């Protein structure tokens, strides 16, 4: 069995599209970057080509490609500071594999259309995403004060005064200290004002944000 010129073209096209996607991820310093995206695209293309050539049930091998990509995507997603990160990169890995499979099967038009749409979601929608995050952010705050026979209720009132919504809050006392942890939602500007206020509060012994 030998690869035909069209099949070499498929591999090169997958390399090119995977390189463009990988460059965008590399530029943003994501865990799956240039080489990873190229290998996923080219590998998916080759698996699809071989499944068509050597198997009467090409769909079964294609399904296994999706399963394998799922394991790679799961390895990219992790928790950092009480939030989940890597979901977008995992989704891009999934789309890159789909592009490779589409090219391998000879569906050039739909694969290129998917590439363009995916690229628009990564580039064009980024400013919109930034605008939304500027207007509504979720941040975690933790502060510790000397225990004075009262709760940290005044800080919850301070949050409301800064137009920040309390999504979750808990307090605990250890010895002569009381600690409060809150998850707050609000605009970037309001978060910055609150942070400045808390940093200059002489009663706070420890402050994480």
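Restricted to the stretch 42-58, and to residues there that are farther than 23 Å from residue 17 by Cα and in a helix (DSSP H, G or I), the residue that is modelled with the lowest pLDDT is 58. Looking across 33, 22, 18, one residue alone is more than 18 Å from the chain's Cα centre (by Cα), surrounded by 16 or more Cβ atoms within 10 Å (Cβ to Cβ) and under 21 Å from residue 114 (Cα atoms). It is 18. Selection of the stretch 131-165 for residues being part of a strand (DSSP E or B) and surrounded by 14 or more Cβ atoms within 10 Å (Cβ to Cβ) yields 137, 138, 139, 140, 141, 143, 144, 145. Within the stretch 24-41, if we keep just the residues that are in contact with a helix residue (DSSP H, G or I) (Cβ under 8 Å, 6 or more places away or on another chain) and outside any helix (DSSP H, G or I), the residue that is nearest to residue 62 (Cα to Cα) turns out to be 32. Checking each residue of the stretch 194-203 against the condition of being assigned to a strand (DSSP E or B), in contact with a helix residue (DSSP H, G or I) (Cβ under 8 Å, 6 or more places away or on another chain) and at pLDDT below 95 gives no match.
Here is a check on your reading of the model: is residue 119 in a loop (DSSP other than H, G, I, E, B) and either modelled with pLDDT of 90 or more or over 21 Å from residue 8 (Cα atoms) (or both)? Outline the logic, then answer.
Numbers: in a loop (DSSP other than H, G, I, E, B): no; either modelled with pLDDT of 90 or more or over 21 Å from residue 8 (Cα atoms) (or both): yes.
It is false that residue 119 is in a loop (DSSP other than H, G, I, E, B) and either modelled with pLDDT of 90 or more or over 21 Å from residue 8 (Cα atoms) (or both).
Let's see how each residue does on (1) in contact with a strand residue (DSSP E or B) (Cβ under 6 Å, 6 or more places away or on another chain); (2) at pLDDT 90 or above; (3) surrounded by fewer than 15 Cβ atoms within 10 Å (Cβ to Cβ); (4) not assigned by TED's automatic domain parsing to the domain that holds residue 36:
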residue: 72; (1), (2), (3), (4): no, no, no, no
residue: 77; (1), (2), (3), (4): no, no, no, no
residue: 84; (1), (2), (3), (4): no, no, yes, no
residue: 97; (1), (2), (3), (4): no, yes, no, no
residue: 104; (1), (2), (3), (4): no, yes, no, no
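Within the stretch 180-191, the set of residues being within 24 Å of the chain's Cα centre (by Cα) and in a helix (DSSP H, G or I) comprises 188, 189, 191.
The values are calculated or read from the model by the stated rules, or taken from the named source; none is laboratory data. For clarity, every value in this text was computed on a predicted model and none was experimentally measured. Cβ sites come from the backbone with ideal geometry, for glycine too, and all protein chains shown count toward neighbours.
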